[in-house]
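These notes concern the structure reproduced below.
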Amino acid sequence: MSTYAASKRERIPSLYEELQQVPDSRDDQGKRHPLVSMLALACVALLCGYQNPNAISQWVDNYGKQYLKRFRFTRDDPPGKATWYRVLGSIDWTALEACVTRWAGQVLEVLEAHSKLQGVAIDGKTLRGSKKQGADETHLLSAMAHQLGITLAQIAVADKTNEIGVMLDLLSELVVEGHVFTTDALLTQRELAREILDRGGDYVFIVKRNQPQVYEDIEFLFEPPLPVLKGESWSTAETFDAGHGRIERRSLQTSTMLNEYVNWPGVEQVFQLERQVTNKKTGEVTTQIVYGMTSLSEEEADAKQLLAFVRQHWHIENKSHWVRDVIFDEDHSQVRRGRLPHVMATLRNTVISLLRAHGIDRIAKARRRFAARPDEAIALLGIPV
């Protein structure tokens, strides 16, 4: 890590200080343990590999009661298992998310200083284990910074609606100006495009048949032979990857020819992305064509940059959803009481973002290290000595 990068990491705001702002809805008479102490301990336990409230309740038993003072607990005995379930399940999840969103925004300001064209992916994820147990609102829509892998905000999707109905609510929690938002085709919606543009941001959207007229217009434009007009250029970029027994070629081509024709807010370029995968063993070749559009002009983003945005959108799957499911075992979590599924999802997102903010990408390895050195996990949260 460079000296400059290291200095930026040192300026990352304290997560512990932000957790102190989460309101405690318990009656004063029933507050045996400070809420911030429980939230901080839960984060450290997750960093050490303790996956659920039952396991979190055993953290102090395994590491020793001397740690209670580090977390500012006021009693000599830690919270019991029932207390963990009751308190975490009764937290005002919206307020917790607001605090974490504010902290993530501050982290982004530090780490993205002086950088340009930073992408933010919006995508949904279902808490499958909790859904099977009958928990409410188990589908969550979240936004994640492409390159940093930090979850910026998350919102629940009501059971009888879909992501389209809450996408503007999620956007209202984010700093839009100066960011480029990417989505899957479901969220390629005019209302979202207008809101992003009105707030000083840009978009790179995938277009499929849920927007039939725009899809047909772009599809027709890229049908060979491509039209040749005076002053019109076709910018192209390619990437090649080889691994896992296959060779993958991606080729993205852009055009400005539809800017005055397509009925869409702020469109500056349309593009075609061709993915060609060759199976090394069989020689079989499969090809997929995807269309899209962006509010970024040719001067702001060429074909190479647009191809990077489209690819980096899927970091939300690799850097967030996959990590939560495989490393944090989220899909097998069957908690269902109150807001407990949502609170645990937020805490998982938060500790993943905390690790990535400090440049830690090998998360499974890091959790094994923290399990052996819990003081390092405590320090990562910014808890005063």
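The values are calculated or read from the model by the stated rules, or taken from the named source; none is laboratory data. Just so it is clear, the structure is predicted and the values come from calculations on it, not from any experiment. Every residue, glycine as well, gets a Cβ built from its backbone with ideal geometry; the counts of neighbours run over all protein chains shown.
Confirm whether Gln118 is closer than 30 Å to Arg311 by Cβ, surrounded by 14 or more Cβ atoms within 10 Å (Cβ to Cβ) and among the polar types (S, T, N, Q). In short, yes.
Each residue in the stretch 115-136 was checked for being farther than 20 Å from Tyr203 by Cα and over 18 Å from the mean Cα position of the chain (by Cα), and 8 pass.
Within the stretch 264-304, the set of residues being within 24 Å of Thr183 (Cβ to Cβ) and among the hydroxyl-bearing types (Ser, Thr, Tyr) comprises Thr287, Tyr291, Thr294, Ser295, Ser297.
If I filter the stretch 332-341 for residues that are in a helix (DSSP H, G or I), of a type in the set (S, T, N, Q) and within 19 Å of Leu141 (Cα to Cα), do I get at least one hit? Within the stretch 332-341, none of the residues are in a helix (DSSP H, G or I), of a type in the set (S, T, N, Q) and within 19 Å of Leu141 (Cα to Cα). Checking the stated criteria, Val204 turns out not to satisfy the condition of being modelled with pLDDT under 95, touching a strand residue (DSSP E or B) at 6+ places or on another chain (Cβ under 9 Å) and either in a strand (DSSP E or B) or among the β-branched types (Val, Ile, Thr) (or both).
The single condition among (1) farther than 23 Å from Glu330 by Cα; (2) crowded, with 18+ Cβ neighbours inside 10 Å that Gln154 does not satisfy is (1). Contact map, the stretch 38-53: first residue part of a helix (DSSP H, G or I), second residue aromatic (Phe, Trp, Tyr), Cβ cut-off under 7 Å, separation 6 or more or different chains; pairs are Ala40/Tyr16; Ala40/Phe71; Leu41/Trp59; Leu41/Phe71; Ala45/Trp59; Leu47/Phe370; Pro53/Trp84; Pro53/Tyr85.
One line per residue, one yes/no per condition, for (1) surrounded by 14 or more Cβ atoms within 10 Å (Cβ to Cβ); (2) at pLDDT below 90; (3) touching a Pro at 6+ places or on another chain (Cβ under 8 Å); (4) at negative phi:
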residue	(1), (2), (3), (4)
Gly231	no, yes, no, no
Glu260	no, yes, no, yes
Trp264	yes, no, no, yes
Val270	yes, no, no, yes
Thr282	no, yes, no, yes
Ser297	no, no, no, yes
Ala303	yes, no, no, yes
Gln312	yes, no, no, yes
His315	yes, no, no, yes
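Applying the condition of being surrounded by 15 or more Cβ atoms within 10 Å (Cβ to Cβ), among the small types (Gly, Ala, Ser) and more than 21 Å from Arg190 (Cβ to Cβ) to the stretch 235-258 and asking which residue is farthest from the chain's Cα centre (by Cα) yields Ser235.
Among residues of the stretch 256-272 that are without any contact (Cβ under 8 Å) to a residue 24 or more places away in the chain and within 16 Å of Glu299 (Cβ to Cβ), those with a Cβ under 9 angstrom from a residue that is surrounded by fewer than 21 Cβ atoms within 10 Å (Cβ to Cβ) and of a type outside the set (A, V, I, L, M), sequence gap 6+ or separate chain, pair up as Asn259/Glu268.
A single entry from Arg348, Arg362, Arg369, Arg311 fulfils the requirement of being farther than 30 Å from Tyr63 by Cα and of a type in the set (D, E, K, R): Arg311. Only one of the numbered conditions (1) over 23 Å from Ala303 (Cα atoms); (2) modelled with pLDDT of 95 or more; (3) surrounded by fewer than 15 Cβ atoms within 10 Å (Cβ to Cβ) is not met by Glu195, and that is (3).
Restricting attention to the stretch 135-165, the residues being farther than 12 Å from Ile316 by Cβ, β-branched (Val, Ile, Thr) and not in a strand (DSSP E or B) number 3. Does the stretch 257-291 hold any residues that are of a type in the set (S, T, N, Q) and touching a strand residue (DSSP E or B) at 6+ places or on another chain (Cβ under 6 Å), and which are they? Answer for the stretch 257-291, where residues must be of a type in the set (S, T, N, Q) and touching a strand residue (DSSP E or B) at 6+ places or on another chain (Cβ under 6 Å): Gln269, Gln272, Gln276, Thr278, Asn279, Thr286, Thr287, Gln288.
Answer yes or no: is there a residue in the stretch 84-105 that is of a type in the set (Asp, Glu), farther than 16 Å from Leu171 by Cα and either in a helix (DSSP H, G or I) or in contact with a strand residue (DSSP E or B) (Cβ under 8 Å, 6 or more places away or on another chain) (or both). No.
Each residue in the stretch 50-61 was checked for being exposed (fewer than 13 other Cβ atoms within 10 Å of the Cβ) and either polar (S, T, N, Q) or in contact with a Ser or Thr (Cβ under 9 Å, 6 or more places away or on another chain) (or both), and 1 of them qualify.
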